[in-house]
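The values are calculated or read from the model by the stated rules, or taken from the named source; none is laboratory data. No experiment lies behind these values; they were computed from the predicted model shown. Ideal geometry is used to build each Cβ from the backbone, glycine not excepted, and the neighbour counts take in all protein chains shown. Quick note on the areas: whole protein, heavy atoms, side chains included, nothing else; ligands and nucleic acids left out. Shrake-Rupley method; radii C 1.70, N 1.55, O 1.52, S 1.80 Å.
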Amino acid sequence: MSDRCADTGYPLFVLGGARSGKSRYAQAQVEARGGRLAYIATAQAFDEEMQARIACHRGERDARWTTYEEPIELADAIAAASVGADAILVDCLTLWLSNLLLAGRDVAGEGAKLVAAVQACSVPIALVSNEVGMGIVPEHALSRLFRDEAGRLNQRVAQAARRVVFVAAGLGLALKG
């Protein structure tokens with residue numbers, strides 16, 4: 001981890017439920033740093049509703065932001081974005097996990113690559129993820145696999161982060177750091 005991240009509370013890991021305000025919270029944290037900002041988007045626009053969501057997110061970012069769209073090779077995108085940015089926001093890890101599962105990728109191996117990329121990142125980085133393990137046990141095997149892998153991934157990223165914040169109702173609760 002670079003000196004630029006020392007004592008700054010980065011890497012920052014922000015998680016919460018759907019529509020909890022986690023993305024807005026993480027974006028505000030990164031924007032407060034100033035400078036050139038990189039947004040790494042993992043979403044894929046497979047339908048009109050998702051296209052509208054992506055457009056809404058884009059509209060919330062100003063000219064300081066450069067957007068990188070990377071649904072699978074997240075570790076590579078972090079390395080590339082860190083070259084020209086003063087801070088990075090990755091949104092979101094659970095969409096990335098969905099992409100990995102649907103592509104038949106090695107989730108544990110990709111998670112290890114992600115953690116290594118975060119630890120090697122030369123600029124402050126914030127990552128956003130959904131907390132999906134607080135509800136009922138899903139009925140279908142794929143849904144249970146997703147929930148379990150999301151929990152494992154969140155634990156790995158939280159361990160690598162200097163600061164972890166859980167967001168509910170737009171309010172951040174510090175879990176670490």
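Annotation: peptides 38-51, 116-129, ranked by per-residue average of other Cβ atoms within 10 Å with the highest first, follow the order 116-129, 38-51. In this simple spin-label approximation, R24 and S122 carry label points 7 Å from Cα along the Cα→Cβ vector, and these lie 3.5 nm apart. Entry for the stretch 14-111 at q = 0.11, 0.12, 0.14, 0.25 Å⁻¹: log10 I(q)/I(0) = -0.33, -0.39, -0.54, -1.49, Debye formula applied to identical alpha-carbon scatterers, no solvent contribution. Taking amide H positions as modeled 1.01 Å from N, with prolines and chain starts lacking one, the residues under 5 Å from Y39 and 5 or more places away or on another chain are T66, T67, Y68, L89. Bridge orientation summary for the chain: considering DSSP beta bridges with both residues in this region, about 15 percent are antiparallel. Here I72 and A174 are evaluated by their C-beta separation; at R0 = 45 Å the FRET efficiency comes out at 0.90.
Between A141 and R61, the modelled label-to-label distance comes to 3.8 nm, taking each label 7 Å out from Cα in the direction of the beta carbon. About the centre of its Cα atoms, the stretch 137-177 shows a dipole size close to 260 debye [charges on the beta carbon of Lys, Arg (+1) and Asp, Glu (-1) only; nearest 20 debye]. Among I136, I72, the sequence by solvent-accessible area, most first, with a 1.4 Å probe is I136, I72. Heavy-atom accessible area with a 1.4 Å probe sorts E31, E69, E139, largest first, into E139, E69, E31. Surface listing: R105, R19 arranged by accessible area from highest to lowest gives R19, R105, probe 1.4 Å.
Database remark: amide H of K176 closer than 5 angstrom to the amide H of V164 (H placed geometrically; neighbours at sequence offset of 5 or more, or on other chains; Pro and chain starts carry no H).
Using R₀ = 41 Å, calculate the FRET efficiency as 1/(1 + (r/R₀)^6) where r is the Cβ-Cβ separation of D148 and A32; round to 0.05. FRET efficiency, D148 to A32: 0.75.
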